[in-house]
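Chemist: This is the structure I have questions about; it appears just below.
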Amino acid sequence: MRIIAAVTERISQPFALQELELGELRPDEVLVRVAAAGICHTDLIVRDQWYPVPLPAVLGHEGAGVVEQIGNGVTKVAVGDRVGMTFDSCGRCQTCQVGQPSYCHTFFEHNFASSRPVDGTSVLSRDGELIHAHFFGQSSFATHAVARERNVVRIDSPISFEVVAPFGCGIQTGAGAVLNSLRVPAGSSVAVLGTGTVGLAAVMAAVVAGATTIVGVDLHPARLELARELGATHVVNAREQDAVEAIREITGGGADFSLETTGVPQVLRQGVDCTTPTGTCGVIGAPAFGTEVSLDVNTILTGGRVVRGIVEGDSVPDLFLPRLVRFWEQGRFPAERLITTYDFDNINEAAHDAETGKTVKAVLRMS
């Protein structure tokens, strides 16, 4: 089968739309005709090789569309089902077995190796040359994507593909950090450092959770205004104010919870320093491999503070994505406010707008 996909040929090169050959499905695989795919920060840092993903490859890991074919072992979805695609996991290791698939012992192999985790093969080729696929179990920067039964989620809702596509990573990460990882209780204070897609999803989730003080921190006034419109009770422009001092003043001594979404080490330090004694800082932002951060040990020790990593919002996607869709249906989670859509042909414009902050969440329309 011939498909069109955006190929990343070499480090930091533009995405190139090319015709590729898609091979046969394995028994646990699902062929999805992709209708929409979000562009995530992770796609861009992998394009630039902050993470060692083999190239040439087809990236994309926030895909949504319609099932066109299923392997003979698939029972969860059927041809014609509307689905979202999310991260992959083995389903067999200790963390998967206890409902923590985002910390799968073979998470890297299933999401960043860009090949089938069992035998290293790829479903995609170009004139006989292997093109790496299966990025996050999908490689959805394409007209068609091959996922595994485990990382597709049926969408029983009229929500548009353009809105639900980024639920598969960025939006579930921010919302899940608040609702699953930190389990923010009603009446709490939450500081969100970085109001991009992940941070704004966290703001919306904090409203759902009943947090009464929600502080958004960013450098972009337009994003801060959007954060306020989505439920932030306070915003801080870190270009104009000391973020730590501002958060402490707003919260009366420090936030109960903070979320670092930028991947900038200095911002992580701020995320720790702005919390109240016994507060928790959740680390979401992904820097290049080998990045280190300097923390004052006594800030953590004497304050009983917690610093913890968060991947994919501790989500069990089959449970959490439908929950987010219900919030959207109820008008409590207006994710469409984050999204700007682009035709697939304009993927490089979309990537540029996402990188420069012109767009909060760029979503590609494959049709």
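We did not get these values from a lab; they are worked out from the coordinates using the rules stated. In this text the structure is predicted, and so the values were computed from the model without any measurement. Every residue, glycine as well, gets a Cβ built from its backbone with ideal geometry; the counts of neighbours run over all protein chains shown.
Chemist: Among 233-241, 248-256, 359-367, how do they line up by average Cβ neighbours within 10 Å per residue, starting with the highest? Numbers along the way, then the final one.
Modeler: Numbers: 233-241: 16.8, 248-256: 18.3, 359-367: 22.2.
Result, highest mean first: 359-367, 248-256, 233-241.
Chemist: How would Ser157, Ser102 line up from fewest to most surrounding beta-carbon atoms within 10 angstrom?
Modeler: Result, fewest neighbours first: Ser157, Ser102.
Chemist: I would also like to ask the following. What full-extension length gain, to one decimal in nm, is calculated for His105 and Val66 as 0.36 nm per residue of separation minus the Cα-Cα distance? Don't skip to the end; give the middle numbers.
Modeler: Values: separation 39, 0.36 × 39 = 14.04 nm, distance 2.99 nm.
Stretched fully, the His105-Val66 segment lengthens by 11.1 nm.
Chemist: Rounded to two decimals, what is the ratio between the C-alpha radius of gyration of the range 80-119 and 2.2 N^0.38 Å? Before the final figure, lay out the partial values.
Modeler: On the way: Rg = 11.3 Å, N = 40, 2.2 N^0.38 = 8.9 Å.
Here the answer is 1.27, to two decimals.
Chemist: Charges at C-beta only: +1 for Lys and Arg, -1 for Asp and Glu. How large is the resulting dipole of the range 171-311 about its Cα centre, in Debye rounded to 20? Please report the intermediate quantities before stating the final value.
Modeler: Numbers: 8 positive and 12 negative charges, 69 e Å.
The calculated dipole for the range 171-311 is roughly 340 debye.
Chemist: Further question: Along the principal axes of its C-alpha atoms, what lengths does the range 23-176 span, in descending order and rounded to whole Å?
Modeler: 37, 34, 30
Chemist: With a cap of 16 neighbouring Cβ atoms within 10 Å, and only residues DSSP puts in a loop, list the trypsin sites (Lys or Arg not before Pro) found in the range 179-228. If you can, show how the numbers build up before the last one.
Modeler: Details: sites: Arg183, Arg223, Arg228; in loops: Arg183.
Taking the range 179-228 and a limit of 16 other Cβ atoms within 10 Å, the loop trypsin sites (Lys or Arg not before Pro) found are Arg183.
Chemist: Something else now. Spin-label point model (7 Å from Cα, Cβ direction): what's the Glu249 to Ser125 distance in nm?
Modeler: Using points 7 Å along Cα→Cβ, the separation is 6.5 nm.
Chemist: Would you mind calculating the relative contact order of the range 171-311 from Cα pairs under 8 angstrom and at least 6 residues apart, reporting the percent as a whole number?
Modeler: 21 percent
Chemist: To continue, here is another question. Taking just the alpha carbons, could you work out the radius of gyration and Dmax for the range 1-113, both in angstroms?
Modeler: When restricted to the Cα atoms of the range 1-113, Rg and Dmax are 15.2, 41 Å.
Chemist: For a quick size check, give me the Cα extents of the range 310-352 along its three principal axes, largest first, whole Å.
Modeler: 33, 26, 16
Chemist: Given only helices, namely DSSP H runs of n ≥ 4 each adding -39500 (n - 2.57), what is the per-residue ellipticity at 222 nm of the chain, to the nearest 500 deg cm²/dmol? Provide the component values of the computation, followed by the final result.
Modeler: Details: 12 runs with 95 residues, N = 367.
One gets -7000 deg cm²/dmol as the mean residue ellipticity at 222 nm.
Chemist: Go ahead and set up a Gaussian network model of the chain, Cα springs under 10 Å, then flag whichever of Val307, Val293, Val67 fluctuates most.
Modeler: Val293
Chemist: Rounded to whole Å and sorted largest first, what semi-axes of the equivalent ellipsoid does the C-alpha gyration tensor of the chain yield via the square root of 5 times each eigenvalue?
Modeler: Values: eigenvalues 238, 81, 78 Å².
Sorted largest first and rounded, they come to 35, 20, 20 Å.
Chemist: Radius of gyration and Dmax for the range 171-311's Cα atoms, expressed in Å?
Modeler: Expressed in Å, the Cα Rg and Dmax of the range 171-311 come to 13.3, 38.
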